[in-house]
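The values are calculated or read from the model by the stated rules, or taken from the named source; none is laboratory data. What you see is a predicted model; the values in this text were computed from it and never measured. Note: ideal-geometry Cβ built from the backbone for every residue, glycine included; neighbour counts use all protein chains shown. What goes into the accessible areas is simple: the full protein's heavy atoms, side chains included, and nothing from ligands, DNA or RNA. Shrake-Rupley method; radii C 1.70, N 1.55, O 1.52, S 1.80 Å.
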Amino acid sequence: MPCLCAGETQELRAELQSGQREKKVDAVKKVIANMTVGKDVSALFTDVVNCIQTENIELKKLVYLYLINYAKTQPDTALLAVNTFVKDANDPNPLVRALAIRTMGCIRVERITEYLCEPLARCLKDDDPYVRKTAAMCVAKLYDISAELVVDRGFVDSLRDLVSDPNPTVVANAVAALNEIAETSGDDSVLELSTSALQKLLAALNECTEWGQVSILDALAKYAPSDAKDATSIIERVGPRLQHANSAVVMSAVKVILRYMKCVDAESEQASGLRKKLAPPLVTLLNSELEEITYVALRNINLIVQSDPRILEGEIKVFFCKYNDPIYVKLEKLEIMIRLVSERNVDQVLLEFKEYAQEVDVDFVRRAVRAIGRCAIKLEKAAQRCINVLLELIQTKVNYVVQEAVIVTKDIFRRYPQKYESIIATLCENLESLDEPEAKASMIWIIGEYAEQIENADDLLETFLESFADETSPVQLQLLTAAVKLFLKQPSLTSSHDMVQRALSLATDDANFVNPDLRDRGLVYWRLLSSNPDAAKAVVLADKPTIADDTHALDADLLDDLLGRIATLASVFHKPPEAFVARDARAGLGGAQADDVEAYDDFDLEVAPDGVASPDVDDQQQQHQRAPPLDVAKPPNGGAPVDPFGGASSAAASVPAAVAPPAAKQGNGEVDLLDMDGFDGLDGGGPAVPAVPAPRALAPPSGLLDLAPGGTPPLSSSPSSMPPPPPRRAKAVVCQPSQQSGGLGIAACFDLVDGRPALELDVSNRSARPVRSLAIQFNKSPFGVAPASAQLTFSQPISPASVASYTVPVVCAPQMVNHQAFDPNAPQLQIQIAMKNNDTGAVFYYAVPLPFDVLWSPDGAVERSTFIETWKSIDDALETFGTVNDLPTGPSIEAAQHKLVAKHAFHVARRSVPNAEGQEVVYFSIKTIGPDHYHFLVELTFKAGFNACKICVKTTAQPFAHLAKAAIENILRSP
C-alpha cells in the first residue's frame with residue numbers, strides 16, 4: 001500500500017496538533033481523503049485519535065471514521081479512545097450518543113467490545129428513538145464479534161422488547177437486527193413473534209421507511225399463522241404493499257403472501273382471488289427501464305410459476321421477447337413461457353417460437369427450436385402442431401436449425417413411441433446438413449429405432465459407417481447400436497449381416513481405437529449375437545421408458561426453501577445461500593443445484609446395476625469404465641465415518657478397500673453428466689500437460705529487492721526439513737438427502753491428500769436400497785479441474801441409513817478449461833458437480849467450494865535472482881494488498897513460513913527493512929497447476945511486537961490475485 005512521503009506526514013501532523021479548530025478539521029479531512037484513495041496514513045493514528053476530544057460533531061465523525069478503519073491494525077492505541085466513547089454515549093446530544101455507540105459497534109476489536117456492553121445496554125433503553133434504533137443495529141454487529149456475550153448480557157431479549165416499541169423506525173431496526181442474528185446463528189427461534197408483537201409489526205408496516213418495510217415483511221414471512229383466518233387477516237394487511245413503488249417491498253410482500261397461501265384451500269375462491277392480486281405487480285416489475293431489474297424479476301417469477309403456474313397463466317404475452325431484449329432476458333422469458341404454456345395458449349406460443357427460430361442469434365435460435373420440442377413433450381394434444389412447426393423450420397434448410405430440430409424430434413419419438421413416424425422421411429432428406437455430433441447421434445438413433453420402417457436404412461447407416469473412425473465417441477457408440485438393431489430387426493437383409501460384422505470389427509479392433517467403452521460394448525454385442533440371439537433381442541430392442549420435460553426443475557424441498565428467500569440472491573441464483581456464500585454450513589438447507597451448467601436437457605444415461613454399460617443409450621451415448629476402488633477414509637480416531645446428516649454408519653460401509661494402482665486412460669469414454677461434448681476420460685491421471693521451461697536466471701539487481709546474503713536461504717526439500725502436513729479440512733454439507741438425489745446426501749470438500757488435490761466425500765444413504773457405485777463429473781472451470789476417475793465404486797455397498805467416505809483424486813485437463821465460467825468478483829471458486837446413482841439412475845447436482853491453495857503446484861520454486869527480476873518486471877498497479885490481524889501463532893515468521901510451505905508456497909528469501917526497526921519481510925513464490933500455470937509472487941511484512949501481517953501479492957494473472965490473497969490469509973489464520 002503506498003504511504004505518504006515524510007514531508008506530507010510532518011505537515012499533516014503539525015496541522016493535527018494545531019490549536020485552531022478549522023485547521024484540525026481540514027487536516028483530518030485530508031487524512032480521510034488520502035485513506036479513501038488507498039494511501040497508508042496509519043502513521044498519524046495517535047495524532048488523529050488525540051483530536052477526538054472535541055465538541056465539533058463534524059470533526060468527531062471524521063475521527064470516528066478513521067478509527068473504524070485503523071483500529072484493527074493498532075488495537076492498543078485504539079484503546080485510548082474508549083473513555084471518549086463511553087463519555088460520548090452519555091452526551092446530552094442524541095446524535096453524539098448514537099454516533100458513539102455506532103462507532104464502537106463497527107470497531108471489531110475484542111478488547112474494545114468489553115467496554116461496549118454497558119453503554120449499549122443504556123442506549124437500548126434511551127429516551128430518544130434515534131439512539132434506540134442505532135443501538136438495535138449495534139447488537140447485530142456485536143453478535144458477529146461475540147455471540148455468547150450478546151446472549152449472556154440479554155441483548156437479544158432487549159431486541160425482542162424493541163419490537164413492541166412505539167416508534168416504527170425502532171421496530172424496523174430491531175426486526176432487521178433479529179433477522180440478521182437468526183440468519184447468522186441458523187436459529188429461527190430468535191425471531192419468535194407473539195400475537196401482540198405481530199400486531200405491532202403490522203401497525204409499523206404503514207409508517208416506517210421502505211427498507212424498514214422490507215425487514216418487517218421478511219420477519220412476517222417466517223411467522224407461522226395459526227389457521228387460515230389468521231393467514232387471511234395478515235395477507236389483507238400486507239396486500240397494499242403490492243402497489244409500492246419500491247420493487248424490493250413488492251417482492252417481499254409477494255413472498256409473504258405466497259407463504260401464507262399454503263394455509264388457504266388452493267381450490268377456493270379466496271386462493272383464486274389472491275392469485276389475481278399477485279399477477280399485476282409481478283407484471284409491472286417486468287416493465288422496468290433497467291434490464292437488470294427485469295432479469296431479477298424474471299428469475300423470481302421462474303420460481304413462482306414452478307410453485308403455482310396459475311398465478312400468471314393469463315399473462316403469458318408479457319413474457320414474449322422484444323427485439324432489443326438482452327440475451328439473458330430472452331432466455332429467461334423462454335423458460336417461463338414453457339412453464340406457462342397450455343392447450344389454450346399453445347398456438348400463440350408456437351407462433352412466437354417460430355419467429356424466434358428465424359432470428360440471427362444462433363444460441364437463441366437453438367433454444368427456441370428446443371423449446372418447441374419441450375412443448376410437444378409437455379402437451380400431448382398439441383404435439384402434432386409442434387411437429388408441424390418443426391417440419392416448417394426444417395424446410396428452411398438452415399444448418400443449425402435443422403440439426404436442433406433433429407435432436408428434439410428424437411426426444412418426441414421417445415415421448416410418443418410409434419406415433420409420429422411419418423416425419424422420418426423428411427428427416428432422412430436432410431442427412432447431408434448434419435455435422436454436429438449430437439445431431440448425428442440423434443439421427444442414427446432414429447434410423448436404428450425405426451429400421452423396419454425405413455426402406456433404405458442400411459444405405460443411410462452405411463453413409464455414417466464410412467467415416468466411423470473420424471466420428472466422436474457418442475456417434476460411434478450410437479452407430480454400433482444402430483447396426484445391431486438393424487440386424488435384429490431385418491435379419492433376412494444381407495447387407496445388415498455385413499454391416500454388423502463391420503461395425504463390430506471396427507469397434508473391437510484395438511489397433512484402430514483406444515476407447516474401452518466402444519470396445520466393451522462391441523464385445524458384449526458380439527457375445528450376445530453369437531451365443532443367444534433371443535437374449536440380444538430382449539436387451540437391445542427392449543421397451544424404453546418414456547421421457548418427460550423436467551428440464552431445470554428444482555427439487556420440491558429446495559423450491560420451498562427458495563420461495564422463502566424471494567428478493568435475495570438465492571432466488572436469482574436458484575441456489576441456497578451456503579452454495580455461494582462462504583460461511584459455516586447450516587443444517588436444514590438443501591444442497592446446491594447446479595442449474596446453470598451447460599445443457600441438462602438431454603441426459604438419459606443408462607447403466608446396468610453391476611456397472612456394465614447397458615446396450616442402448618439414447619441421448620448422450622457416453623459410458624464409463626468401472627474404476628478400481630480407493631481406500632474408504634476413516635476419521636482420525638479410527639472409528640467409523642460419522643454421518644453428517646445424523647445417521648449412524650454401518651460397519652460394512654466403513655471397511656476399507658484395498659488400494660488399487662491407477663487405471664489406464666479411458667479415452668473418450670467418460671459419462672457426460674453435464675452434457676460436455678468432447679470431454680475425454682481422465683482415468684489414470686488425465687492428459688499430459690506440457691512442461692513449462694524454468695525461468696532464466698538473471699543477475700540480481702541492486703535496490704529494494706536486493707536480498708542480503710544474510711537472508712534466510714530457501715527451505716530444503718529433503719524429508720527432514722519438510723513441515724508437518726497441514727490439518728485436513730472439514731467437509732461441509734453440499735447436498736441434503738432429497739427426492740431428486742434419490743435419498744443420497746453429500747458432505748464434501750477439496751483438499752490436498754498426500755500432497756495432491758482431491759475431492760473428499762461423505763456419502764449418506766437415506767434411501768431404501770443399498771448404493772454400490774456412483775458416476776461423477778465436474779463442470780468446466782478456469783483451471784480445468786476434473787475427477788481422475790468417473791466411477792466411484794464402493795468396496796462394500798452403502799446400506800440404508802449408513803454413510804461411507806470416498807476420496808476422488810483430482811487432475812487438471814486442458815479440455816475442461818473454461819475461462820468464461822470464472823466470475824472475477826466471486827469470493828471463491830465453485831466447482832459444479834453432477835453425480836449419478838448407477839443403481840437407480842437418479843442424477844443430482846451440487847457445488848463445492850474449491851480453496852485456491854489446493855491448486856498450488858508442488859514445483860513452484862524459483863531462483864532468488866529470477867524472483868527479483870520477475871517482481872521488477874510486473875507493474876506496481878498489479879499489486880493486491882491485505883492485512884491479517886490476531887495471528888494464532890503470533891508475529892512468528894517461522895510459523896507462517898512452515899504453514900505456507902506445507903501448502904506448496906515456496907520460500908525465496910527473508911530480510912530486514914532498512915530504516916524500519918523490528919520490521920522484516922519474507923518472500924514466497926506460488927505456481928498453480930493446470931494448463932495455464934499462473935505465477936504469484938508474495939511479500940509478507942511483519943513488525944516486532946505487533947500480532948499482524950501485511951500481505952502483498954504481485955501477479956500478471958490479476959483476476960485471480962484476490963483468491964491468492966484470501967488463501968494466504970486463511971492459511972495464516974489457521975491454528
Hey, among the residues in segment 768-781 that are open to solvent by 30 Å² or more (accessible area, probe 1.4 Å) and of a type outside the set (A, V, I, L, M, F, W, C), which one's nearest to the chain's Cα centre (by Cα)? K780
Just name the residue that is nearest to the chain's Cα centre (by Cα) out of those in segment 58-90 that are modelled with pLDDT of 80 or more and of a type in the set (D, E, K, R). K61
Failed item, numbered, when A483 is tested on (1) among the hydrophobic types (A, V, I, L, M, F, W, C); (2) under 20 Å from I446 (Cβ atoms); (3) surrounded by fewer than 22 Cβ atoms within 10 Å (Cβ to Cβ): (3)
For segment 372-398, which positions are open to solvent by 60 Å² or more (accessible area, probe 1.4 Å) and either aliphatic (A, V, I, L, M) or assigned to a helix (DSSP H, G or I) (or both)? K378, E380, K381, Q384, R385, N388, E392
Mind checking whether some residue in segment 569-585 is part of a loop (DSSP other than H, G, I, E, B), outside the structural domain of T508 (by TED's automatic domain parsing) and at pLDDT below 50? yes
Pick from segment 426-476, criterion in contact with a Lys or Arg (Cβ under 8 Å, 6 or more places away or on another chain) and outside any helix (DSSP H, G or I), ranking: nearest to L488 (Cα to Cα): E471
Mind checking whether some residue in segment 884-905 is among the charged types (D, E, K, R) and assigned by TED's automatic domain parsing to the domain that holds G742? no
If you go through segment 124-156, how many residues are open to solvent by 30 Å² or more (accessible area, probe 1.4 Å), over 12 Å from A177 (Cα atoms) and of a type in the set (D, E)? 4
Wholly inside segment 210-328, helices (runs of 4 or more DSSP H) that include 2 or more residues that are in contact (Cβ under 8 Å) with a residue 40 or more places away in the chain are 210-221, 247-260, 291-307
Among the residues of segment 101-145, write down those that are modelled with pLDDT of 85 or more and of a type in the set (D, E, K, R). R102, E118, R122, K125, D126, D127, D128, R132, K133, K141, D144
Yes or no: segment 217-231 includes at least one residue that is open to solvent by 10 Å² or more (accessible area, probe 1.4 Å) and in contact with a Gly (Cβ under 9 Å, 6 or more places away or on another chain). yes
Failed criterion for Q958 (all others in (1) within 27 Å of the chain's Cα centre (by Cα); (2) of a type outside the set (D, E); (3) on the phi > 0 side of the Ramachandran plot hold): (3)
Cβ-Cβ under 6 Å, sequence separation 6+ or interchain: first residue in segment 412-433 and more than 16 Å from A457 (Cβ to Cβ), partner among the hydrophobic types (A, V, I, L, M, F, W, C) and open to solvent by 30 Å² or more (accessible area, probe 1.4 Å). Which pairs? R414/I547; R415/I547
Filtering segment 920-959 for residues that are aromatic (F, W, Y) and modelled with pLDDT of 90 or more leaves a count of 3
Restricted to segment 184-202, and to residues that are in contact with a Lys or Arg (Cβ under 9 Å, 6 or more places away or on another chain) and assigned to a helix (DSSP H, G or I), which residue is most open to solvent (accessible area, probe 1.4 Å)? D188
Listing of helices (runs of 4 or more DSSP H) fully contained in segment 1-103 that carry 1 or more residues being open to solvent by less than 80 Å² (accessible area, probe 1.4 Å) and under 30 Å from A877 (Cα atoms): 6-16, 21-36, 45-49, 57-70, 75-78
